[in-house]
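What follows is a short report on a single structure.
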Amino acid sequence: MKLKFILLAACCFGLFLNSKLNTAGLNVGDKASDFSLKNVDGNMVSLSDYDDAKGYIVIFTCNTCPYAIAYEDRIIELHEKYASQGYPVIAINPNDSNAKPDDSFESMKERAKDKDFPFPYVMDESQEVAKTYGASRTPHVYLLDKSLTVKYIGAIDNNYKDASSADEKYVEEAIAALENGEKIETDFTKAVGCTIKWKEI
């Protein structure tokens, strides 16, 4: 009986910890932390590298998730449209490559070359950045302003299957509000995508 109680308590404690891990991370209005992660070109990338940035479109994504693949062209378009306006895309792959070999750094380099990514595609090998931000899916967007304050969290738009059918473009609408000094009407949405593949503890 005592052993059963100990096992039950351990199980409940484990569920509690898992719940805490799942709810940890940034909320809109929080200050994000900078990072230094390795880009596919071999250089280290940090938000502080962008002297002229007015904000940052940080997107947790990967090579293998069908949702991430469906959004690749739209992520490229976001960078091409907004980087010149001061809002560059920084794409971060948080997946454990042991669980997903096609998300390895070498595979990231190949994908970036094949798609001609115009933005940094960096690897969060320790997964600490994803945990700190609270990312849970790929893709998962964090729009930051110049001071690294979180302004929007969630999906890119409301139709992952077809960009032309998306009638709510959350990231674009949030940037437009920032540019106009207006309140962002939709500052949080549910990220739609594959769950991040965490390292086994």
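Quick look at the values:
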item	result
Share of Cα-Cα pairs in the chain lying beyond 32 Å, as whole percent	17
Unsatisfied cross-links (Cα-Cα over 19 Å) in the set K38/K81; K131/K197; K161/K190; K31/K131; K113/K146	K38/K81; K113/K146
Inter-label distance, nm, simple model (7 Å from Cα along the C-beta direction), K113/E128	3.0
Dipole of the chain, positive direction: furthest Cα of Y133, V89, W198, with charges on the beta-carbon	W198
Helix-only [θ]222 nm of the chain, DSSP H runs n ≥ 4, -39500 (n - 2.57) each, per residue, nearest 500	-10500 deg cm²/dmol
5 angstrom amide H check on D124, placed H, neighbours 5+ away	N93
Considering only the range 27-195, percent of DSSP beta bridges that pair antiparallel, nearest 5	70
Highest-first arrangement of 25-36, 115-126, 95-106, where packing means the average Cβ count within 10 Å	115-126, 95-106, 25-36
Part-to-part distance (alpha-carbon centres) for the range 47-80 and the range 95-170, which is given in Å	6
Net charge dipole size for the range 27-195 [Lys, Arg +1 and Asp, Glu -1 on Cβ; Debye, nearest 20]	300
Label-point gap, in nm, between K31 and A176 - each point 7 angstrom along Cα→Cβ	3.2
In sequence order, calculated HN-Hα J values of the range 104-120 (Karplus, 6.51, -1.76, 1.60; Hz; x Gly/Pro)	5, 4, 5, 5, 4, 4, 5, 5, 4, 5, 4, 8, 6, 4, x, 10, x
The range 34-49 - phi-based ³J(HN,Hα) in whole Hz, Karplus 6.51/-1.76/1.60, Gly and Pro as x	6, 8, 9, 10, 7, 7, 5, 8, x, 8, 7, 10, 9, 5, 5, 5
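Each value in this text was obtained by applying a stated rule to the coordinates, not by laboratory testing. Fair warning: this is a prediction, and the values are worked out from it, not measured in the lab. Neighbour counts are summed over all protein chains in view; Cβ atoms, including those assigned to glycine, are modelled from backbone coordinates with ideal geometry.
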